[in-house]
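Dropping a structure here in structure tokens format, bear with me for questions.
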Amino acid sequence: MNRKYQMAWLAKATLTAFFALVSCAFATSFFGGPPEIQPADNDGEAGPAWIAYRREPTPQSVLLGTSLTYHLKEPFFLPVSVRNLAIPGRSVLTALEIIASYPKLPDNIFVELNVMTWRADNDFIRKFSYNSGAHFQVIAPIRAIVAYLGRPADKVGVRQPVDETILNQPPAEYDNRIYIQRGRVAWSGHNHDAVISETMDAIVHIVQKIEVRGSRVYFFELPLAPGMADTDVAKTTRAVAHQHFSDASRWLQFSYPADQLRFRDHAHLDERSALIVAHAMRDAMTAKH
């Protein structure tokens, strides 16, 4: 192969690659990018939900919270459609910051205020905010192929009804005494008071920014295992939350048969109990809009 032929071949290959990338860029602008590859880091269980949120149309209602809320599966609320964007192990302030970064907001934002002992996770916020830089980038061909081959089988927006016959079964029994003992120790004293107060102040600020744009923010508190609600941290969190948000209309008022609830540890409902609580929340949410 002579040098002249080599140079001609290289020029053609370069032009072909250039036009392919330009075409991908235009396709991304007009049709949106491909499904994104699941981050291979510590995004945990919440990563896929936030990736889907970036691709989906803005939902009317979203749930924000910790792992307590994460266990309330979206099908539990049907026929009410709600997107569950709870982030286990992170402050609810993290989710609020991400939501507020989008140009369009959900009409109704329901926020769990059980756990205020964590500060916002700025790395998570940068990764999943609207201005994270993931929206208008040129599509890398290999990345696109891998993303399409690895995309979830579920269609975006499809929520399958849950089998509610579980409600006809008796409550399960768990020996969670050791978890409650450890939880009560961890939530005793007032070492978290400063963080709780700072977090609540930050929530007030961002809620004001969100509601100026037309959305409405509501709050709720989920049940905890017996003995946890009267710990120092739980009582301080509840007092500070209601001090900052004293308007009763902001709070979801829902009731459930407490004797039917079971906890796998000190705070997390089992599936049957989560379904019971979600049904009660669904009725309260419906009354709000």
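The values are calculated or read from the model by the stated rules, or taken from the named source; none is laboratory data. As the structure is a computational prediction, the values presented were derived from the model and not from experiment. A quick note on method: Cβ atoms are made from the backbone with ideal geometry, for glycine too, and the neighbour counts reach across all protein chains shown.
Within the range 147-154, does at least one residue satisfy the condition of being among the small types (Gly, Ala, Ser), modelled with pLDDT of 90 or more and not in a helix (DSSP H, G or I)? Break it down stepwise before answering.
Of the residues in the range 147-154, the ones among the small types (Gly, Ala, Ser) are 147, 150, 153.
Adding the requirement that they be modelled with pLDDT of 90 or more leaves none.
Checking the range 147-154: not a single residue is among the small types (Gly, Ala, Ser), modelled with pLDDT of 90 or more and not in a helix (DSSP H, G or I).
Here is a follow-up. Which residue is modelled with the lowest pLDDT, if the candidates are limited to the range 36-62 and must be assigned to a helix (DSSP H, G or I) and surrounded by fewer than 15 Cβ atoms within 10 Å (Cβ to Cβ)?
Initially, the range 36-62 is screened for residues assigned to a helix (DSSP H, G or I), giving 44-55.
Imposing the further condition that a residue be surrounded by fewer than 15 Cβ atoms within 10 Å (Cβ to Cβ) reduces the set to 45, 48, 55.
On the way: Glu45: 78, Pro48: 91, Arg55: 90.
Step by step, filter the range 36-62, then rank; the result is Glu45.
Could you count how many residues in the range 63-87 are under 19 Å from Asp163 (Cα atoms) and in a loop (DSSP other than H, G, I, E, B)?
8
Before we move on, is Ala225 among the small types (Gly, Ala, Ser), surrounded by 18 or more Cβ atoms within 10 Å (Cβ to Cβ), closer than 30 Å to Glu271 by Cα and modelled with pLDDT of 95 or more? Even if it seems obvious, please write down each step before you answer.
Details: among the small types (Gly, Ala, Ser): yes; surrounded by 18 or more Cβ atoms within 10 Å (Cβ to Cβ): yes; closer than 30 Å to Glu271 by Cα: yes; modelled with pLDDT of 95 or more: yes.
So Ala225 fits the description; yes.
If I go through the range 88-104 residue by residue, how many of them are under 27 Å from Pro161 (Cβ atoms) and in a loop (DSSP other than H, G, I, E, B)?
1
Something else now. Suppose we keep only residues that are in a loop (DSSP other than H, G, I, E, B) and in contact with a Leu (Cβ under 9 Å, 6 or more places away or on another chain) within the range 227-267. Which one would you say is nearest to Ile206 (Cα to Cα)?
The residue in question is Phe245.
Could you figure out which of (1) touching a residue at least 24 places away in the same chain (Cβ under 8 Å); (2) farther than 14 Å from Val115 by Cα isn't true of Glu198?
The one condition Glu198 does not meet is (2).
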